[in-house]
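Data block below; observations after.
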Amino acid sequence: CADRDECQSLPNACTSNAACSNTVGSYYCRCNIGYRGDGRIKCDDVDECHPPDGGSPCGEFADCVNVDGGYECSCWAGYTGNSRASCKDIDECSGSNDVCKDSNARCINTPGSYKCECPSGMSYNHGTGTCEDIDECRSSPAVCTADHMTCSNTQGSFECNCKKGFSLSADKKSCRDVDECIDDPCQGGICINTIGSFNCSCIKGYEFDTGLKQCEDIDECHSRKRYCHDNAKCTNSIGSFECKCREGFDGNGIFCADIDECFSEDFECPANSVCANTQGAYKCHCWKGYEMKNGECMKATTLKEGFSLCKCFTETHIAP
């Protein structure tokens, strides 16, 4: 009898991914490399990337990818070389590679990558390839943390300043209240220092000017409040004022009364006249039949309408 080659006569003698080997009187199936099984019924793919011992068929710094019947190794990004043996770091900063486009940036190689380091106070923008200022005043945590302190960003740095009314300490870590009263800002008043500011308490005759931050003289003579009498003259002075009655009036200036000159010894009226008092003055009126000429009351040569002039002769009397 001749041996039959089952591998030829039986089309499905072995499963897929298996090799058939004929033997005298029989045959056997063996799974292909990368597969595991009996060969006749099944051959399952072997996951070489996850062996039972937990190792890896790929070299250091490489990834293993399982495929049907085998596996593939690829170096990590930033590495190159034989992925099944060993991958070496790529020094992106060496050679003529201009990876950091800004001339102010310094290239520093790192395992599997690189970084562009900008001068202090600046950071590298990979999108634009430039060093950009860091606004430390918006960073967290805050950089100027003391009470009454403000932050001002500058190119490549920042400054901590104090609010108005405060000064920066020598170590630039705190703000101290400024005693504005040392400079005597309240002219004509008393200065009271407060936290971050000051107040002025003005003496009589002064008022505080919030714009000038000082006590200013009150001009009582131009105030809406009437300090002097209507018939008095007001004279302003620094911190005070004076009221003096006008001529023809008598009093302390706060109250002024009209002087009746006709009852005093000071009035001067010519003969043949009568004194008539007026507000603040007086007038002299000539008697009937007289008229004022050059400051004197002279007999009238003409009579006003309604009057007649009578002339007496010797021993003749005319009744009035």
**Request:** Give me a count of the residues in region 220-265 that are within 53 Å of the chain's Cα centre (by Cα) and hydrophobic (A, V, I, L, M, F, W, C).
**Result:** 7
**Complete:** With criteria (1) touching a residue at least 24 places away in the same chain (Cβ under 8 Å); (2) out of contact with any Asp or Glu (no Cβ under 7 Å at 6 or more places or on another chain); (3) surrounded by fewer than 15 Cβ atoms within 10 Å (Cβ to Cβ), D260 comes up short on (1)
**Request:** Take region 229-257 and flag every residue that is outside any loop (DSSP other than H, G, I, E, B), among the small types (G, A, S) and surrounded by fewer than 19 Cβ atoms within 10 Å (Cβ to Cβ).
**Result:** S237, S240, G251, A257
**Item:** Y114 among the hydroxyl-bearing types (S, T, Y), surrounded by 15 or more Cβ atoms within 10 Å (Cβ to Cβ) and either more than 60 Å from the chain's Cα centre (by Cα) or modelled with pLDDT under 95 (or both)
**Value:** yes
**Item:** Residue count, region 195-228 (criterion: out of contact with any strand residue (DSSP E or B) (no Cβ under 8 Å at 6 or more places or on another chain), within 30 Å of R176 (Cβ to Cβ) and surrounded by 12 or more Cβ atoms within 10 Å (Cβ to Cβ))
**Value:** 1
**Prompt:** Does at least one position in region 42-57 carry a residue that is closer than 30 Å to R4 by Cα and crowded, with 17+ Cβ neighbours inside 10 Å?
**Reply:** yes
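The values are calculated or read from the model by the stated rules, or taken from the named source; none is laboratory data. This structure is a prediction, so every number in the text was calculated from the model and none was measured. Positions of Cβ are generated from backbone atoms using ideal geometry, with glycine treated the same way; all protein chains shown enter the neighbour counts.
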